[in-house]
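Novice: Here's a structure for you.
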Amino acid sequence: MLEALFGLEIAGELPPRYNIAPSQPVAAIRAGGSGARELTLLQWGLIPSWAKEPAIGSRMINARAETAAEKPSFRAAMKRRRCLIPASGFYEWTRVGAAKQPFFVRMKGGRPFALAGLWEQWCGEDGSELETCAILTTSPNELAAKIHPRMPVIIAPGDYGRWMDPANEKPGTLEPLLRPYPAGEMEAHPVSRHVNNPRNDDPACIEPAGD
């Protein structure tokens, strides 16, 4: 499925994930050195190449689409290292009384889609290397706004090539892709707080609450 959707020559098999937490590996698609698209695993939480310590990545899981091209942490990646993060849905939380209720947001029918990502390579003084990523966020559409004041940027299939093209080093030309995705193509349902524990990574995370 990934081969056909994202134009990959070989995608291989990826185990299903239901609850990916920051600092864990996440599947991403980017332009390889030969120009062909490649599927790789990146650590979620972008570490800028200039960072002295990798701990900064824990604060860099998301990047605001409105300012990523200007922020020192994301500027270089926004210019040259953009990727797609395939997903079947994402979680958002809204406050209900004293607690936060998680919701699973997805495309109608459960079809896969792609989040806009940025990636970086970081090298430690000991020679260690890490490839990391962040997810771009934007203002919410009408559906997401009922749950949270932000939502991930979703790239439409027809724009995959334009988004990942490393030859396009003018982030301003990509601004039309960073808008909220049409709410009419999406749906959401509440899920149990089972998902709040990152150790839980099973189908129960996405099941409608109360079922």
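The values are calculated or read from the model by the stated rules, or taken from the named source; none is laboratory data. Worth saying up front: this structure is predicted, and the values here are computed from it rather than measured. Heads up, the Cβs are rebuilt from the backbone with ideal geometry, glycines too, and the neighbour counts pull from every protein chain shown. Accessible surface areas use protein heavy atoms only, side chains included; no ligands, DNA or RNA. Shrake-Rupley method; radii C 1.70, N 1.55, O 1.52, S 1.80 Å.
Novice: What does the charge count around Asn141 come to, taking other residues whose C-beta lies under 15 Å from its C-beta (Lys +1, Arg +1, Asp -1, Glu -1)?
Specialist: On the way: positive: Arg106, Lys108, Lys146, Arg150, Arg179; negative: Glu92, Glu142, Glu185, Glu187.
Net charge around Asn141: +1.
Novice: Calculate, for Glu185 and Ala99, the FRET efficiency according to 1/(1 + (r/R0)^6) with r their C-beta to C-beta distance and R0 30 Å; round to the nearest 0.05. Present the calculation step by step, with values, prior to reporting the outcome.
Specialist: Values: r = 30 Å, r/R0 = 0.99.
Result of the calculation: an efficiency of 0.50.
Novice: Here's another thing I want to ask about it. Let's test this: bin the Cα-Cα distances of the range 97-147 at 10 Å from zero up to the farthest pair and state each bin's percent.
Specialist: With a bin width of 10 Å, the distribution comes to 16, 32, 27, 18, 8.
Novice: Where a Cα-Cα gap under 25 Å defines reach, which lysines qualify for Lys146, not counting those fewer than 8 residues away within the same chain?
Specialist: Partners found: Lys100, Lys108.
Novice: If you add up the charges near Ala183, with Lys and Arg at +1 and Asp and Glu at -1, over every other residue whose beta carbon is less than 11 angstrom from its beta carbon, what do you get? The partial results should precede the final answer.
Specialist: Numbers: positive: Lys108, Lys146; negative: Glu142, Glu185, Glu187.
Around Ala183, the surrounding residues sum to -1.
Novice: Which residues in the range 148-168 place their backbone N less than 19 Å from a point set 7 Å from the Cα of Ser49 along the Cα-to-Cβ direction?
Specialist: So the set is 164-168.
Novice: What accessible area per residue comes out for the range 93-211, rounded to a whole number of Å², with a 1.4 Å probe?
Specialist: On the way: 6030 Å² over 119 residues.
Accessible area per residue, the range 93-211: 51 Å².
Novice: Obtain the nm distance between the two label points defined at Thr40 and Lys71 by a simple spin-label model: each point lies 7 Å from its Cα along the Cα-to-C-beta direction.
Specialist: 2.1
Novice: Can you tell me which of 150-157, 162-169, 102-109 comes out highest on packing, and rank the rest after it, using the mean Cβ neighbours within 10 Å?
Specialist: Values: 150-157: 20.4, 162-169: 14.5, 102-109: 16.6.
Ranking the peptides 150-157, 162-169, 102-109 by packing returns 150-157, 102-109, 162-169.
Novice: Continuing with this model, one more query. May I ask for the Rg/Rh ratio of the range 1-88, computed from Cα atoms with Rh as the Kirkwood radius, given to two decimals? Walk me through the numbers before you get to the answer.
Specialist: Values: Rg = 14.1 Å, Rh = 14.4 Å.
Dividing the radius of gyration by the Kirkwood radius yields 0.98.
Novice: Sort all Cα-Cα distances of the range 43-121 into consecutive 10 angstrom bins from zero, then give the percent of pairs in each bin up to the one containing the longest distance.
Specialist: 16, 37, 31, 14, 1
Novice: Now for a separate question. Can you check what the Kirkwood hydrodynamic radius comes to for the chain, Cα pairs only, in Å to one decimal? Could you put the intermediate results ahead of the total?
Specialist: Working: mean 1/r = 0.0562 Å⁻¹.
Roughly 17.8 Å, rounded to one decimal.
Novice: So if each residue of separation counts as 0.36 nm, and I subtract the Cα-Cα distance between Ser58 and Thr173, what length gain in nm does that give? If you can, show how the numbers build up before the last one.
Specialist: Numbers: separation 115, 0.36 × 115 = 41.40 nm, distance 2.92 nm.
Gain in length upon complete extension: 38.5 nm.
Novice: To the nearest 10 square angstrom, what accessible area does Glu9 show with a 1.4 Å probe?
Specialist: 150
Novice: How many percent of the accessible area of the range 64-211 is carbon or sulfur, using a 1.4 Å probe? Show your work: numbers first, answer last.
Specialist: Values: 3800 of 7310 Å².
Result for the range 64-211: 52 percent of the exposed heavy-atom area is carbon or sulfur.
Novice: Test of understanding: in a Gaussian network model of the chain with alpha carbons linked when under 10 Å, which of Leu14, Leu41, Leu84 would top the mean-square fluctuation ranking?
Specialist: Most flexible of the set in this elastic network: Leu14.
Novice: Largest first, what is the accessible-area ranking of Lys79, Lys71 with a 1.4 Å probe?
Specialist: Details: Lys79 70, Lys71 100 Å².
The ordering from most to least exposed comes out as Lys71, Lys79.
Novice: How far is the Cα center of the range 20-60 from the Cα center of the range 156-211, in Å?
Specialist: With the range 20-60 and the range 156-211 each reduced to a Cα centre, they are spaced 17 Å.
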